[in-house]
Amino acid sequence: MEKHGFAQCLHDCKGPEMKDPAIEIHDLTMAYREKPVLWDIDLSIPKGSLCSVIGPNGAGKSTLLGCILGTYKPANGWIKIFDVPRDQSQELIGFVPQRESVDWDFPIQVLDVVMMGTYRSLGWFRWPGKAQRDWAMQCLDAVGMADFKSRQIGELSGGQQQRVFIARALAQDTKIILMDEPFAGVDAATEVTIREILIDLKKAQKTVVIVHHDLQTVEDFFDHVLLLNLRLVAAGPTATTFTRENLLRTYGGKLTLLDEAAEAVRRIRSGRSTGKRG
Amino acid sequence: MILPNTLVVLVGTSTLGICCGLIGSLLLLRKRALLADALAHSTLPGIVLGFLIAGSQSYWALGTGALITTLVGAGLVSRLPVVSRIRPDSATASVLGVFFGAGIALLSLAQRSGPGAFSAGLDHFLLGQAAGMLQQESLILAGAATLMSLIVILLHKEFLTSCFDSAFGSSTGMRMNTIDFIVMILLSLTIVISLPAVGVVLTAALVVIPPATARFWTDRFTIMMAISALIGAASGISGTLLSSLRVDLPTGPVVILCSSFFFFLSMLLAPHRGLVGKRLRWKQRSQRREMLRILVHLFENLKEGNDFVAKERIIAGSMRARPDALRLCQSNGYVLQAGTHLQLTSEGIIRAQRSVEARKKWIRWLDDAAEIDRNLIDLDEEDIEKLLSSRPLLDQPSPDKKPS
């Protein structure tokens, strides 16, 4: 390995080097203008992990995904995908965008969205054909949305929309998948479906990185966690990293408020599951 | 009676309509419709400069000049927001104003001190005069428009990706910058070749109106492109024909009037998104809801032993039901009127019962769903029964805990 300078010291403090990670980020600083939105990030995401990115609003979570995807060029530092530098890597990464970033009135139907996942493999000028259509149908079926293939995307509920975009990422058939808040504003049925998909992806040895907002479910859903607030606060296996102390360092004073809300939700949920309905 | 020359011109303007319709769809879906207007106006200084430099009004001289300034305008519109903090819409508006202003200033210079004879052709470039086009010009126009249409059709998958989800496209390694560049070049060329036919001021309308019209008819990108091309061609043909009826009628405005006629027709009559259909469906829906409200009310009364309810109490009173809904109840055979009183028929009882049952189940299902699907909330009994048989309740209450 090459020399790393001062960042190597920090890196060393964070525990032993990971063996062939899926994504490796080193000394990364990202700035749209002068001020950085991500500062001096060092981290590795192990192959085959379900990894969540946690942090307050404006912590740079989506920007981090953008850097990994290659949409943004970092100001400093580098990213490696399967040990190949990002700008040389031909490795494809599946992507599920944030709901807000999609134009829901666009004239496009569900199946057409999923088919977009196959476009890259077709190359310039070639039109998608029956093989692509069948594959897209298969992916749509995997998220339980096959019945909705001819709906305009704006006519779906939030959870269904989210599933369609996950199907598109599945259609890309990549080893790494990034998702930006897939659980935001979805119904219970969709939450169950997305979890099942995540478990399947883990079985298939895929690496999944998810920006997540619900601290309640982190421990249930993910085996790896990144705590982010402009800088990387902590990274590692959920069991040892997702601690109250680390969360406090990530969210600062805001956590107390979050804590109370979370406690309230937990009480309500446990009350509901013991069967006090109607 | 169509002259051979008119026929050639028709071929030109119809292929131009197709080309504008296709490229316009791309602009409209990127929400950059104003871009067409800015680029069209930035041709004007180029036209005049071409004339001043070449010293003649030749098609090629003016066209080359127009193309150069349009490309400069296009470059400014796409680069300014990237290098400075100017927003894209401000950049577009500024380019439009500055270039058109420069064009007008140059024009008055050229008319006063230039090689003369320019003023005669001026309004042709501002407003278009398809009938005045030479055969050769029309054929060049037709050839270029066909070629560009083919490029758009071949690259529709790339254009779809860049319009719908550019971030996703670049994440898959598709070259979004190249695609955006191609769109800009195609748009600039389209605008330049359409100048003799439609003119500086109105070219943008020919690019924007057909796709806006097509959007009323479909929910699919490719079909929208096809319809837009069709409407573009139809406007081109009808506009040229109408304007050739009288020589002094400029083509541009007539083409635009034709396409806006299609626009208003579609806005009113398109089946799914048209205003008339929407209004009718809204009315039917609310009438049906009102009908069920009446039936359920009568049914509740029946359960309390009141077989007859005064019509007055339904129409006025606390119900305030709409009379047209009551008529619908009667015409469906759900309600009979006996004097001043109303009575549920046996069909009416069945319908009311079914509606109440379905509604109960439905509300229980909605309680469990964290979000509400706006397309689903207002359903008929049949739909609810079908939906719930395929999608069981997540947290089904056991029979002994049935809500009372």
*asked:* For the range B:26-61, which positions are closer than 15 Å to residue B:111 by Cβ and hydrophobic (A, V, I, L, M, F, W, C)?
replied: B:44, B:47, B:48, B:49, B:51, B:52
_Please determine whether any residue of the range A:112-123 is modelled with pLDDT of 90 or more and either in contact with a Leu (Cβ under 6 Å, 6 or more places away or on another chain) or surrounded by fewer than 18 Cβ atoms within 10 Å (Cβ to Cβ) (or both)._
yes
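Condition first: of a type in the set (Ser, Thr, Tyr), within 14 Å of chain A (Cβ to nearest Cβ) and assigned to a helix (DSSP H, G or I). Now tell me which residues in the range B:200-250 satisfy that. It would help to see each step written out before you state the result.
Taking the range B:200-250 first, the residues of a type in the set (Ser, Thr, Tyr) are B:203, B:213, B:218, B:222, B:228, B:235, B:238, B:240, B:243-244.
Right, trim to within 14 Å of chain A (Cβ to nearest Cβ) and you get B:213, B:218, B:222, B:228.
Correct list: B:213, B:222, B:228.
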*asked:* Need the failing condition index for residue A:87 against (1) without any contact (Cβ under 8 Å) to a residue 24 or more places away in the chain; (2) of a type in the set (Asp, Glu); (3) under 20 Å from residue A:168 (Cα atoms), just the number.
replied: (3)
*Single residue of the range A:101-111 satisfying the filter (more than 9 Å from chain B (Cβ to nearest Cβ) and touching a Ser or Thr at 6+ places or on another chain (Cβ under 8 Å)) that is surrounded by the most Cβ atoms within 10 Å (Cβ to Cβ)*: A:110
_Here are the criteria: (1) assigned to a helix (DSSP H, G or I); (2) within 16 Å of the chain's Cα centre (by Cα); (3) of a type in the set (Gly, Ala, Ser); (4) surrounded by fewer than 23 Cβ atoms within 10 Å (Cβ to Cβ). Tell me which single one residue A:167 does not satisfy._
(4)
*Looking at (1) within 18 Å of residue B:288 (Cβ to Cβ); (2) at pLDDT 85 or above, which is the one condition that is false for residue B:341?*
(1)
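Residue B:180 - would you say it is among the acidic types (Asp, Glu) and modelled with pLDDT of 90 or more? Before you say what the answer is, go through the steps one by one.
Values: among the acidic types (Asp, Glu): yes; modelled with pLDDT of 90 or more: yes.
Considered against the rule, which asks whether it is among the acidic types (Asp, Glu) and modelled with pLDDT of 90 or more, residue B:180 comes out as yes.
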_With the requirement that a residue be outside any loop (DSSP other than H, G, I, E, B), within 14 Å of chain B (Cβ to nearest Cβ) and crowded, with 16+ Cβ neighbours inside 10 Å, what does the range A:73-100 give you?_
A:79, A:81, A:93, A:94, A:95, A:96, A:99
_Filter the range A:179-212 down to the residues that are surrounded by fewer than 21 Cβ atoms within 10 Å (Cβ to Cβ), in contact (Cβ under 8 Å) with a residue 24 or more places away in the chain and within 19 Å of residue A:238 (Cα to Cα) and list them by number._
A:183, A:195, A:198, A:201, A:202, A:205
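Restrict the check to the range A:230-242 and report whether at least one residue is in contact with a Lys or Arg (Cβ under 6 Å, 6 or more places away or on another chain), buried (at least 17 other Cβ atoms within 10 Å of the Cβ) and not in a helix (DSSP H, G or I). Spell out the reasoning first.
Start the filter on the range A:230-242 by keeping residues that are in contact with a Lys or Arg (Cβ under 6 Å, 6 or more places away or on another chain), which leaves A:233.
Cutting the leftovers down to buried (at least 17 other Cβ atoms within 10 Å of the Cβ) gives us A:233.
Checking the rest, the ones that are also not in a helix (DSSP H, G or I) come to A:233.
The answer is yes; a qualifying residue exists.
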_Being at negative phi, out of contact with any Pro (no Cβ under 8 Å at 6 or more places or on another chain) and part of a strand (DSSP E or B) is the filter here; which residues of the range A:19-37 pass it?_
A:23, A:24, A:25, A:26, A:31, A:36, A:37
*asked:* Taking the criterion of being within 19 Å of residue A:246 (Cα to Cα), among the hydrophobic types (A, V, I, L, M, F, W, C) and modelled with pLDDT of 90 or more, would at least one residue in the range A:183-206 satisfy it?
replied: no
_Condition first: in contact (Cβ under 8 Å) with a residue 24 or more places away in the chain and away from chain B (no Cβ under 12 Å). Can you find one or more residues in the range A:117-131 that meet it?_
no
*Which residues, taken from the range A:132-147, are within 14 Å of another protein chain (Cβ to nearest Cβ), among the hydrophobic types (A, V, I, L, M, F, W, C) and in a helix (DSSP H, G or I)?*
A:136, A:146
*Within the range B:146-197, work out how many residues are at the interface with chain A (Cβ under 10 Å from one of its Cβ atoms), within 20 Å of the chain's Cα centre (by Cα) and farther than 30 Å from residue A:98 by Cβ.*
1
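The values are calculated or read from the model by the stated rules, or taken from the named source; none is laboratory data. It should be emphasised that the depicted structure is a prediction, and the values quoted were computed from it without experimental measurement. Quick reminder, even Gly has a Cβ in these numbers, built from the backbone with ideal geometry, and neighbours come from all protein chains shown.
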